[in-house]
Amino acid sequence: MQVNEARFLSDLHALRQFGASGVGKGVVRRAFSEADLAAREWLADRIAGAGLAPHFDPVGNLFGLAPGKSLLIGSHSDTQPEGGWLDGALGVIAGLEIARAAAEAGGPPISVVSFQDEEGRFGVTTGSDIWSGKLSLAEADLFTDTDGVTLAEARQTVTGQAGEFLSHDRFSGFLEMHIEQGPWLDQSSERIGVVSDIVGIRDMRITFEGRQNHAGTTPMHLRQDAFQALSAFNTKLLDRFANVVTPATVWTIGHVSLHPNASSVVPGRVTFSMQWRDADLDRLGRMEQIIREVSDEIAGDHGVKAELSPVLGIDPSAMDDRIQAAFKQAAEEAAPGSWRSMPSGALHDAANMAAVMPVGMLFVPSIGGISHAFDEDTDESDLLLGLQVLARAARLL
Ligand code: HGY
Ligand code: MN
Ligand code: MN
């Protein structure tokens, strides 16, 4: 099996054109958007051209299937509202190239996948959450994006082409190559990361409902101001978390929707995302407890009503030992002394797949440690080295 580097790079750049933002190599390709659906059609054509069978499942995960039992390689091709060109796309196109090269060589049987909504427009990693069986399609159909669109509505666009959910038994394991999206490889000038574990994540929405009123006439002491409640919530949360977190723990309020969002109106309502990540399951639980306590206290102090959504998430997961060993051997052969074993602070479909089959992940460096931003990038030589290490490991396995 011989991978074709020029064909791999050409496909990677072709995928970037779907939803190209016009800012550097940035991409806007949210799950189920026009750009995402067009990219999936293009990918299905490339899959068919590679001699693999394209298969869409009911949530829009796209597979390129080799006959019989196969190794599955891939990632996702949707992006954040402002995304880079490599997050997800790299792993999908690397999977396509290796599956194509294997088909040309007459084996081994390798299939490719592009999961749908890894970036959590609706859930956390929606397509693989559902396929892994952790979440039912019926439950997920009720999830809404930040504009109130449900997954059921969004996936109407793909139900026409959808087949069944595939059996996990079809696959002997799952490999995902990804950009690191953090600073460690870039800072150390190492070129490959072999992932040991993926941290756990929890994600929810919180609403503080106060009283909308006139910003000139309402005395400060009579206000039930939703923004002030959020501001105080954040301050109190930092203070309480300090007793529980480690330097590796992270948490983010990344989406805030303030109503009615006008300068002369005391805000009556705020809805915001609350996300936290850590490698320790117990710590994730203690942080949730603190979030609930602080919400209650803020509701009392500010005269607002706190509503907390159900908590979504993925537990911390370990990568398969045998696959890690194959990656380490392949990395040492291709880049002697220039790789490391490391945990993943970002979430990946591999974390869901670890519950149903042996899984491994490979990282290449992110320039400046930047991702989930238009200027995310990686040196071309590192993209090609990653492809070669992934192909070597696939052969070893
Ligand atoms: O947020 C994450 O870690 C992933 O990119 N969805
Ligand atoms: Mn990703
Ligand atoms: Mn991402």
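The values are calculated or read from the model by the stated rules, or taken from the named source; none is laboratory data. This one's a predicted model, so the numbers in the text were calculated from it and none came from an experiment. Cβ placement follows ideal geometry from the backbone for every residue including glycine, while neighbour counts extend to all protein chains displayed. Quick note on the areas: whole protein, heavy atoms, side chains included, nothing else; ligands and nucleic acids left out. Shrake-Rupley method; radii C 1.70, N 1.55, O 1.52, S 1.80 Å.
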Checklist entry - Once Lys and Arg get +1 and Asp and Glu get -1 on their Cβ, which of Gln156, Gly303, Pro81 lies farthest toward the positive end of the dipole of the chain? => result Gly303
Checklist entry - For the chain, what is the largest minus smallest coordinate of the Cα atoms on each principal axis, given in angstrom and ordered from greatest to least? => result 76, 47, 39
Checklist entry - Using a Gaussian network for the chain with springs between C-alpha atoms less than 10 Å apart, which of these wobbles most: Gly268, Gly84, Gly64? => result Gly268
Checklist entry - What residues have an amide H closer than 5 Å to that of Met177, excluding those fewer than 5 places away on the same chain, when H is modeled at 1.01 Å from N in the peptide plane? => result Gly74, Leu362
Next on the checklist: What would the Debye equation give as log₁₀ I(q)/I(0) for segment 231-333 at q = 0.11, 0.16, 0.23 Å⁻¹, counting only Cα atoms as equal point scatterers?
Outcome noted: -0.49, -0.81, -1.31
Checklist entry - Within segment 321-343, what residues put their amide N at less than 11 Å from the label point 7 Å along the Cα-to-Cβ vector of Ser188? => result 338-343
Checklist outcome for this item: Cβ-Cβ cut-off under 14 Å around Leu72, Lys and Arg +1, Asp and Glu -1: the net charge is -3
Next on the checklist: Helix 34-49 against the longest principal axis of the chain: what's the angle in degrees, Cα atoms only, rounded to the nearest 10?
Outcome noted: 20
Next on the checklist: Rolling a 1.4 Å sphere over the protein heavy atoms, what is the accessible area per residue of the chain, to the nearest Å²?
Outcome noted: 40
Checklist entry - Do the sum for the chain: with -39,500 (n - 2.57) for every DSSP H run of n ≥ 4, divided by all residues, what is the mean residue ellipticity at 222 nm, to the nearest 500 deg cm²/dmol? => result -11000 deg cm²/dmol
Checklist entry - Working out 0.36 nm times the residue gap between Ala373 and Ala248, then minus their Cα-Cα distance, what length gain in nm do you get to one decimal? => result 42.8 nm
Checklist outcome for this item: One finds, for Glu82 and Arg286 with R0 = 30 angstrom and r their Cβ-Cβ distance, a FRET efficiency to the nearest 0.05 of 0.40
Checklist entry - So what's Rg/Rh here for segment 206-287, counting alpha carbon atoms and using the Kirkwood radius for Rh? => result 1.10
Item to check | With every protein chain in place, the chain: carbon and sulfur % of accessible area (1.4 Å) | outcome: 50
Checklist entry - How big is the Kirkwood radius of segment 150-226, worked out from every pair of different alpha carbons and given in Å to one decimal? => result 19.9
Checklist outcome for this item: Given all pairs of distinct Cα atoms, segment 146-301 yields a Kirkwood Rh in Å of 19.7
Item to check | Angle between the chain longest axis and helix 5-16 axis [Cα atoms, degrees, rounded to 10] | outcome: 30
Item to check | Degrees, to the nearest 10: 321-334 long Cα axis against longest axis of the chain | outcome: 70
Checklist outcome for this item: Phi-derived 3J(HN,Hα) across segment 309-318 with the Karplus relation (6.51, -1.76, 1.60, θ = phi - 60°), rounded Hz, x for Gly and Pro, is 6, x, 8, 9, x, 9, 6, x, 9, 9
Next on the checklist: Which lysines, if any, have their Cα less than 28 Å from the Cα of Lys236, not counting same-chain residues under 8 positions apart?
Outcome noted: Lys305
